[in-house]
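Data block below; observations after.
The values are calculated or read from the model by the stated rules, or taken from the named source; none is laboratory data. Just so we're clear, the structure is a prediction, and the values are computed from it rather than from any experiment. When we count neighbours, we look across all protein chains shown, and the Cβ atoms used for this are built from the backbone with ideal geometry, even at glycine.
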Amino acid sequence: MNKKIIIANWKMNPDSPGRAVLLAKKIETLIHPVKNLEVVIAPPTPFLLPVGAVLEKASLGAQNTFWEDVGPYTGETSWRQSRNLGVRYVIIGHSERRIFVGETDEMVGKKVRAVAENGMTAILCIGEHERNGDDIPSTVGVQLRSALQGMKKNFLRNVIVCYEPVWAISTTPGGRPDTPDNGFRAAMYIRKIIAGMFGLQAGRAIRVAYGGSVNAKNIAAFLGEGHMDGALVGGVSLIPGEFGDLLAAALV
Ligand code: PGA
């Protein structure tokens, strides 16, 4: 059985390195190291170094990367620079990046390949803006296919696909969690597409996580009945008490 993974996506919070370190230290005290649960903390880029320095039980994650390693790309941070700071996981293609800075499927694909082929794990976020009915909209398949096109099959082990419908994110007006059943359906859909691209075994092996209003009350159902391999947690990851409860609930 795969290890479950919980990724704390702090987004553009908090506002100072001091507060980021404090938050990381509080979360560290709430992590009970167990073999089958991995915790990743993804602070904003300017705080990667100080936060990374206080992490012992959690792994360090980044919220974005550029696909080149060094060069004339003003304002960007590369996968190599992040890796040299100790980053092991990189969130890629989060809907907020697609919406607010116009990240395209093509850019997402280049980033996923750069990260996965250079020894880190890409957390590839895909998800529709709206849903009518139970079917997973085909845009999810389009995002997935273009992100993984051209990827060498043996690097798929360095990819976690995170199904994160935009309407389910807590900060989306009216945001509400998806159901574990739907998460399961989305995971099946994702596995089918990957099986079509890379073969049955790859479809079975790919790790699929869920994101969108995950909390201490619903995490166990997503990991249990929903059969998700993990969760991407935004809002709750900024509140140490609630995040600690979520981690405890993820163990049962
Ligand atoms: P949320 O955010 O947990 O606050 O819904 C999740 C995310 O956007 O990664």
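Values for this structure:
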read-out: Qualifying residue in segment 68-81 (condition: small (Gly, Ala, Ser), surrounded by 14 or more Cβ atoms within 10 Å (Cβ to Cβ) and more than 28 Å from His227 (Cα to Cα)); value: yes
read-out: Filter pass, Gly133 being more than 18 Å from the chain's Cα centre (by Cα), at positive phi and in contact (Cβ under 8 Å) with a residue 12 or more places away in the chain; value: no
read-out: Residue list for segment 223-241, restricted to those being more than 14 Å from the ligand (Cβ to nearest atom), surrounded by fewer than 23 Cβ atoms within 10 Å (Cβ to Cβ) and not in a helix (DSSP H, G or I); value: Gly224, Glu225, His227, Asp229
read-out: Residue in segment 195-216 that is in contact (Cβ under 8 Å) with a residue 40 or more places away in the chain, within 16 Å of the ligand (Cβ to nearest atom), touching a helix residue (DSSP H, G or I) at 6+ places or on another chain (Cβ under 6 Å) and more than 17 Å from Val140 (Cβ to Cβ) present; value: yes
read-out: Test: residue in segment 54-70 that is at pLDDT 95 or above and in a helix (DSSP H, G or I); value: yes
read-out: Segment 161-185: number of residues that are surrounded by fewer than 24 Cβ atoms within 10 Å (Cβ to Cβ), of a type in the set (A, V, I, L, M) and either away from the ligand (no atom under 12 Å from the Cβ) or assigned to a strand (DSSP E or B) (or both); value: 0
